[in-house]
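The values are calculated or read from the model by the stated rules, or taken from the named source; none is laboratory data. Just so you know, these numbers come straight off a predicted model, no measurement behind them. For neighbour counting, all protein chains shown are included, and Cβ atoms are generated from backbone atoms with ideal geometry for every residue, glycine included. SASA here: full protein model, heavy atoms, side chains in, ligands and nucleic acids out. Shrake-Rupley method; radii C 1.70, N 1.55, O 1.52, S 1.80 Å.
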Amino acid sequence: MKQIYALFFLFLFFGCKPETKLTNMKNKIVIAHRGASGYLPEHTMEAKVMAHAMNPDYIEQDLVLSKDDVPVVIHDIYLDDVTDVTEKFPERQREDKRFYVIDFTFDELQRLNVTERFDPKTGKQIYPNRFPKGKGSFKLHSFQQEIELIQGLNASTGKNIGIYPEIKNPEFHHQNEKDIAKITLNILSEYGYKTKNDKCMFQCFDAKELERARKELKSNLFLVQLIEFPEETKQLKHFATYADGLGPWYKQILDKKEGTRWQFTTLVEEAHKLGLKVHPYTFRSDQLDEFYSFEEMMQVLLFEADVDGGFTDFPDKMVQYLTKQ
Ligand code: CA
C-alpha cells in the first residue's frame, strides 16, 4: 500500500510539473523553429532531438512531398541550399538552375547529405556563426519518422511536446497533381492528432488551402494562418472564420520606436478580439535587426505587444527567459 501512495505522490509531483511551467510562462508558448536550428542544421533529426531536450512547447516541421508522395521535412521545395544535391545528382538540375524535392524519390533523397543553410549562388552559409557548413553527417527524413521521434522522446522523458507542421506551397503541389494538405492531415490523424486538444498546430501561408483544410477536408485541428504581406493584415475577420491562430512576421507587429518605447500596430489587439492566438516568426538571437539584444526582442514582443508565443531558432533562450518571468 505504501508503495502505491509513494507512486501516487510521485505522479502528483511530476504530473504537476508541466502546469507549473505553464503558469510561470504565463501561457506563452515556445515553438522550436525548424528544431534547435540556431545550433544544428535546420530540420535534421539531430536539431529536433536537441530542441526536445530544451523543453519548448512545440517543435516545427516544414513539409514538401517527394516524387513518390512522402512528406519530407524540409523548408523549401528546393534542395540546393541545404544539401549536396549538386554533387550527387548534377543531371537533375532544372532549367532555372534549381533542384526540386519533387523530382526525387524518398530513397534518392536519403542519399543526400544535409548541411547548414547556404546561398547556392555564392556557397556562403547564411548565419556565419552557426554550425559549420559541410561538417557532420546529416540526412533528410520523413514527417512520419519525425513524429515517431518526438512521440518516442515524449514517452521516454515523460514530456508532452507538441508538433507544429507547415505544408509548404500547396499551390505548387496541386500543379504537380499532389495534395499535400490531404496527405499530411491523414498522417496526423493516424498518429493521433485529430482535434484541438491534441498537441498539434497546423500552419500554412496559403489562406485558400488552410480554409480548405477546415471546410473541405474537415480538419478539427488548431489551424494557424501564416501571413507575410501588409495587405493580409486586413483579412483577419475572414481568417477567423476557419483559423484559430495567426502567424505574422514579427515586423508586422512593430510600428515605430518613440524614445525608448516601441509603438505597435493594431494587429495583435485585433487578432485577440477575434479570438485568434498570435505566434510571430522568427526570434533569432543572431539576427536582431531593430533590437539591441535578444532579451529586448523577447520583452517587447512577448510582453509589451502581448503575443501568445513565438517561433525561435534558440528555444533554450526563450524557455529560459519565460521561466524567469
Ligand atoms: Ca515554417
Subject >> Given (1) over 24 Å from Val49 (Cα atoms); (2) in contact (Cβ under 8 Å) with a residue 24 or more places away in the chain; (3) within 16 Å of the ligand (Cβ to nearest atom); (4) among the charged types (D, E, K, R), number of the condition Arg214 does not satisfy >> reply: (3)
Original post:
Just for helices (runs of 4 or more DSSP H) wholly inside the range 1-102: which have at least 2 residues that are at pLDDT below 95 and under 15 Å from the mean Cα position of the chain (by Cα)?
Top reply: none
Original post:
Within the range 50-70, can you find the residues that are under 24 Å from Asn197 (Cα atoms), touching a residue at least 40 places away in the same chain (Cβ under 8 Å) and of a type in the set (A, V, I, L, M, F, W, C)?
Top reply: Ala51, Met54, Ile59, Leu63
Subject >> Unique residue being in contact with a Leu (Cβ under 8 Å, 6 or more places away or on another chain), farther than 24 Å from Glu166 by Cα and not charged (D, E, K, R) when the list is Phe294, Phe303 >> reply: Phe294
Original post:
If the Cβ limit is 8 Å and pairs must be 6+ apart or interchain, which residue in the range 19-38 that is closer than 24 Å to Val268 by Cβ and more than 15 Å from the ligand (Cβ to nearest atom) pairs with which residue that is at pLDDT below 50 and open to solvent by 10 Å² or more (accessible area, probe 1.4 Å)?
Top reply: none
**OP:** Could you run through the range 271-325 and say how many residues are among the basic types (Lys, Arg) and open to solvent by less than 50 Å² (accessible area, probe 1.4 Å)?
**Re:** 1
**OP:** Report those helices (runs of 4 or more DSSP H) wholly inside the range 256-325 carrying at least 1 residues which are more than 16 Å from the ligand (Cβ to nearest atom) and among the β-branched types (Val, Ile, Thr).
**Re:** 267-273, 315-324
Subject >> Residues of the range 172-191 classified as touching a residue at least 40 places away in the same chain (Cβ under 8 Å) and either of a type outside the set (A, V, I, L, M) or open to solvent by 40 Å² or more (accessible area, probe 1.4 Å) (or both), total >> reply: 7
Original post:
In the range 165-182, what residues are farther than 12 Å from Leu63 by Cβ, outside any helix (DSSP H, G or I) and in contact with a helix residue (DSSP H, G or I) (Cβ under 8 Å, 6 or more places away or on another chain)?
Top reply: Asn176, Asp179
Subject >> Every residue from the range 144-171 that is over 16 Å from Ala51 (Cβ atoms) and open to solvent by less than 30 Å² (accessible area, probe 1.4 Å) >> reply: Ile167, Lys168, Pro170
Original post:
Trp249 versus (1) away from the ligand (no atom under 16 Å from the Cβ); (2) open to solvent by 50 Å² or more (accessible area, probe 1.4 Å): which is the lone unmet condition?
Top reply: (1)
